[in-house]
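A short write-up of the structure that comes next.
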Amino acid sequence: MKILNTINPNNIEISNLNFSKKIISKLFKYNKLSLMQSIKVIGLILLTLLFTSQITNAKDSSLKWLDIELSNYQYPYEVSSIELKIQEQNLKMAYMDIKPINSNGKNIILFHGKNFNGAYWETTIEALRDEGYRVIVPDQIGF
């Protein structure tokens, strides 16, 4: 009796729920595991397979490692930098300064949050630039 008919992202078909029950029963019977332990083992196996596939995908040669200055990252607009001395440290901050075609005389600064860079604002920059705003987007130091 078919109860469940699904295909996971890796095209492995599980045609019915009885298949899963058989695996759990074998783990329970031959390894003297409780039902809950058997389910945990299957979950662990599935997580391991998922994790392994993610590592394999991350090692794809088309991916590039980013350096601390994101010098090999393609920003949507030209990037400039400014030299700063903060707390006796010489630092360099990257920023994008996007000028509109028809200026309305107003400027806007967009700050990104942690784990992002200024390129995060690409669609917002386009919309503001099209409305005549000059948009300045610094890449905050330490973020």
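The values are calculated or read from the model by the stated rules, or taken from the named source; none is laboratory data. Everything numeric in this text was worked out from a predicted model, so none of it was measured. Heads up, the Cβs are rebuilt from the backbone with ideal geometry, glycines too, and the neighbour counts pull from every protein chain shown. Surface accessibility is based on the protein's heavy atoms, side chains included, excluding ligands, DNA and RNA. Shrake-Rupley method; radii C 1.70, N 1.55, O 1.52, S 1.80 Å.
The table for this structure:
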item	result
Long-range neighbours under 6 Å by Cβ, at least six apart or interchain, first residue of a type in the set (Asp, Glu) within the range 109-124, second surrounded by 13 or more Cβ atoms within 10 Å (Cβ to Cβ) and not in a helix (DSSP H, G or I)	122/76
Within the range 125-143, tally of residues that are in a loop (DSSP other than H, G, I, E, B), in contact (Cβ under 8 Å) with a residue 40 or more places away in the chain and not β-branched (Val, Ile, Thr)	2
So residue 59, is it loosely packed, with under 10 Cβ neighbours inside 10 Å and either modelled with pLDDT of 80 or more or basic (Lys, Arg) (or both)	yes
Subset tally (residues that are open to solvent by 80 Å² or more (accessible area, probe 1.4 Å) and not in a strand (DSSP E or B)) for the range 93-121	10
Which numbered condition residue 90 fails, given (1) part of a strand (DSSP E or B); (2) surrounded by 13 or more Cβ atoms within 10 Å (Cβ to Cβ)	(2)
Close pairs from the range 75-98: first in contact (Cβ under 8 Å) with a residue 40 or more places away in the chain, partner of a type in the set (A, V, I, L, M, F, W, C) and in a loop (DSSP other than H, G, I, E, B), Cβ under 6 Å, at least 6 apart	91/141; 93/141
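Residue-wise test of (1) modelled with pLDDT of 80 or more; (2) within 30 Å of residue 131 (Cβ to Cβ); (3) of a type outside the set (Val, Ile, Thr).
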position	(1), (2), (3)
41	no, no, no
51	no, no, yes
92	yes, no, yes
106	yes, yes, yes
110	yes, yes, yes
113	yes, yes, yes
120	yes, yes, yes
